[in-house]
Amino acid sequence: MTETYSLLPALFLGVGGMVLLLGGVLAKKTDATSAVTFGAVVLMIIAAVLTWLAPDAVLFGGLLKTSLFTRYADILVYLGAIAALILSVDYNKREKIARFEYPILVLFAVLGMIVMISAADMMTLYVGFELQSLALYISAALARDSLRSTEAGLKYFVLGALASGLLVYGISLVYGFAGTTNFATLAEVFRHGADYGTIVGLVFVLVGLAFKISAAPFHMWAPDVYEGAPSSVTALFATAPKAAAMALFLSVMEGPFGHLVDEWQSLIQILAVLSMVIGALAAIGQSNIKRLLAYSSVSHMGFALMGLATGTVAGVQATLVYIALYVVMSFGAFACVVAMRRNGQAVERIEDLAGLSGEHPAYAFAFALFMWSMAGIPPLAGFFAKLYVFATAFNHGYDTLTIIGIIASVISAFYYLRVIKVMYFDQGQPQFDKTSAGAGFVMAVGAVITMFFVVIPGPLMAVAGAAAKALMG
């Protein structure tokens, strides 16, 4: 019964997704998109409740494992996916890309993510990894009549296939030298160290995972895919998959390879430094808001990796807090991007925001709030997210890494504040269309959490701390 209860969320999503697919196909109405989207959102809300109530368990002889850590990450995935689906309803309809298949693709992508997060074996990890990836490749090319969207889908597919190949090659090396793919058994095998073949396999696994979180130098897909994909789909890419991939990163590095921390710690530090610096510098010259947010995500993944680089419970806790707040800031920022419409057409250039504060003060304030928070300006949520990872890294002796992180954060403040400057100080005639109810709701939720996290940070810190302890035993 414990196994059944722990499997309920995944079963619910899988069976529910197939029922919605049949319903969409058999619907007599020409457009069942809104109904299917509503059904997908309801399914994920119910799955989130079932996930939080599910007990800890080891399933299928050690192929899957559920704990407070997996439940924490699953909730973040549901949160990001639900926000992205809410944003998609009006946007996809206006862009004439409203298809009932999209929410079903999101459902199956989420199913892949929760399988990936709960993986306790390399084979399960890869199955979840591919289920998520295949659904996201198709989603990137959702606007199939758009050259940019199809190009984004193709680039994501080709580079994603390369990353999947590197990941599975690393898994095969680890299996060849260790003789098992089970996480718990691998941890025992590596208790007294590992040979060079295993280390090479570990590097390939790390590269495959780094691609999924768009950590530099494996970030080359992110700007083009973010820009080319429809904004509602980009909102999904920036939230749920990032949370899932970072959770998987934590679970793999601290689980089967936890005893090899001396071997992978320096690699994580290099990824963190490159991501923070490249993300901060590359974003400066961007004129497209979606490309700017893509490079911003690269930088944010670098900040999140700082916690993992310490190899401690406190570091994992800081990373979990950072990812949670990043998901909130990200879906809020993309709600603002989705609302950028003039005369029925989506606009994406930063200069198009000129004069927005005069026409839509609430919208401009929300967008400014997310930019301030991502820049790490107190007392907003983004400041505390960065403070936790900086303090953790500094307290564990990573002074240089902390200093580089602070410098990168200061550099990144330039392009965030540039967006605010354009909205409030540049002259223009924005004449933006009225914000849709869905975008306004997501924007408001993100703004409230971003503003008032300072009042009650305790619950998130406590849950993240317990999840970190559950991961690291």
Taking the range 80-108 only, how many residues are more than 10 Å from L236 (Cα to Cα) and part of a helix (DSSP H, G or I)? 14
Selected residue (only one of A135, A184, A163, A119 is in contact with a Lys or Arg (Cβ under 9 Å, 6 or more places away or on another chain), more than 18 Å from L206 (Cβ to Cβ) and of a type in the set (A, V, I, L, M)): A184
Note: among L43, L22, just one is assigned to a helix (DSSP H, G or I), within 26 Å of Y126 (Cβ to Cβ) and not hydroxyl-bearing (S, T, Y), namely L43
So, in the range 160-185, of the ones that are touching an Asp or Glu at 6+ places or on another chain (Cβ under 7 Å) and not hydrophobic (A, V, I, L, M, F, W, C), which residue ends up nearest to F218 (Cα to Cα)? S164
What are the residues in the range 384-415 that are of a type in the set (F, W, Y) and either touching a residue at least 60 places away in the same chain (Cβ under 8 Å) or outside any helix (DSSP H, G or I) (or both), if any? F384, Y388, F390, Y398, F414, Y415
If I377 satisfies all but one of (1) closer than 21 Å to K290 by Cβ; (2) surrounded by fewer than 24 Cβ atoms within 10 Å (Cβ to Cβ); (3) of a type in the set (V, I, T), what's the number of the condition it fails? (1)
Can we say G165 is buried (at least 19 other Cβ atoms within 10 Å of the Cβ) and out of contact with any Cys (no Cβ under 9 Å at 6 or more places or on another chain)? no
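For every residue, the table says whether it meets (1) within 20 Å of the chain's Cα centre (by Cα); (2) not hydrophobic (A, V, I, L, M, F, W, C).
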{"position": "G382", "(1), (2)": "yes, yes"}
{"position": "Y388", "(1), (2)": "yes, yes"}
{"position": "I406", "(1), (2)": "no, no"}
{"position": "M423", "(1), (2)": "no, no"}
{"position": "G438", "(1), (2)": "no, yes"}
Which of the residues that make up the range 173-184 are touching a residue at least 40 places away in the same chain (Cβ under 8 Å) and crowded, with 16+ Cβ neighbours inside 10 Å? V174, Y175, T181, N182, F183
Could you grab me the full set of residues in the range 1-20 that are farther than 9 Å from A47 by Cβ, buried (at least 17 other Cβ atoms within 10 Å of the Cβ) and of a type in the set (A, V, I, L, M, F, W, C)? L7, L20
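Taken together, the values in this text are just the output of simple stated rules run on the coordinates, not laboratory data. Because the structure is predicted, anything quoted here is derived from the model rather than measured. Cβ coordinates were reconstructed from backbone atoms using ideal geometry, including for glycine residues, and neighbour counts include every protein chain displayed.
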